[in-house]
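The next block holds one structure in the form of structure tokens; read it before the comments.
Read-outs throughout are calculated quantities, based only on the coordinates presented, and are distinct from any laboratory measurement. Computed from a predicted model, the values in this text were never measured in an experiment.
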Amino acid sequence: MLSFVGVGGAGCKVIETFYRKDIISSIISKIAFKGEGYIKGVAIDTSETITQLSAIPSENRVLIGSSRAKGHGTGGDVKMGEVIMTEELELAMNAVRKANVEKPEAFFLVAGLGGGTGTGGLPIIAKKIKETYGVSTFGILFFPSRNEGSLYIKNAIANLEKILRALNGAIVLDINTLTGRGEDVVSSHSILNKMIFNFFSVVEPMEILRRIERNISTISFLRLQEEHASIKEILEKMLRDYLYIDAEEMGEFHMLIYGDLDKVYGDSYARKWCKEKHGKDLNIVFRDDPGARYLNIGLIITGLKGIGKRYKDEILAKEKREKKSELEELLSEIKPLF
């Protein structure tokens, strides 16, 4: 049994995805109240837009910081987000406790990196949840789009390590992998939210938890309807088209295949290809469901390193260019003495 807590706008929208009417029974059985049809998911934000997430029960939506943020959010002010969560931690935790009468196996805190509420508030509530329930807390974290402005990118880079230290592990996704392909920010978030939903609806909780513990990881999901599918080709497609991260280094590849296993072949060749192509071992878990219409494939890549380095380099290069431009402008204004 897993529990999800959205902190800030991006995180709350993921919780909304889990609550929508088209939710499938498998995820209800994993994260629902015992005997009830409710998901253990709570949304916490400083913006009144949280009230528009109508699929989430009102008791599971918490607006914090009204006196400071006036219902308009933090505007990317990480310090404000930290202060608000600290001041109104009990208000947020009351909703978490009501939604989690029974102790879950783990908590997933979902937030966009760079925004004030998620970036500033997540470490505060992660610590409190860990103290209250004595279970691991993991993050599902989104790198902001370049289109959202340099402030959010700077906030994400400056606070990433602090956030990771507050968690027992994290799943990181980068929206720029989609906007770079021509998707707008809204549709990119929608694609990622649906992927997260599908992944957690299919992959067994313990398969996720034991791999992401003490790791920076990323995930992917693919659903296929084919009579015969090469595992190597499936993996290649997922790495090419459905991988939403930019990292300097990746650790282990874990592929989880659910469905009629008579429809897939070539696991030995896939492992060999992965080793030769990426220098990584490929671990494959099979769950047979004879006669199943679809193949559902989850991918977990652990041991990520250098995430966000590209953005840090871009920021440094931009600042260098700006300083050079300012210096050139200053020099151009200096008139020669002779």
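Here are the numbers for this structure:
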quantity	calculated
The chain - share of DSSP beta bridges that are antiparallel (%, nearest 5)	30 percent
Reachable aspartates and glutamates from Lys103, criterion Cα separation under 15 angstrom, eight or more residues apart if same chain	Glu131
Kyte-Doolittle at least -1.0, axis length at least 20 Å by Cα - qualifying DSSP helices, the chain	116-133, 150-165, 185-202
Computed over the chain: relative contact order in percent, which uses C-alpha pairs under 8 Å that are six or more apart	14 percent
Among Tyr244, Tyr265, Tyr311: highest mean-square fluctuation, GNM of the chain, C-alpha pairs under 10 Å	Tyr265
Anchor Lys13: aspartates and glutamates whose Cα lies under 12 Å away (excluding residues fewer than 8 positions away in-chain)	Asp45
Helix-only mean residue ellipticity at 222 nm for the chain, each DSSP H run of n ≥ 4 adding -39500 (n - 2.57), per residue, nearest 500	-14000 deg cm²/dmol
Length added when fully stretched, Arg240-Glu131, from 0.36 nm per residue minus Cα-Cα	35.2 nm
Structure-derived semi-axes √(5λ) of the Cα gyration tensor in Å - corresponding label in (1) 51, 21, 18; (2) 35, 29, 16; (3) 38, 20, 19	(2)
Nearby aspartates and glutamates by direct alpha-carbon distance to Lys312 (threshold 18 angstrom, same-chain neighbours under 8 apart not counted)	Glu148, Glu161, Asp174, Asp246, Glu248, Glu249, Glu322
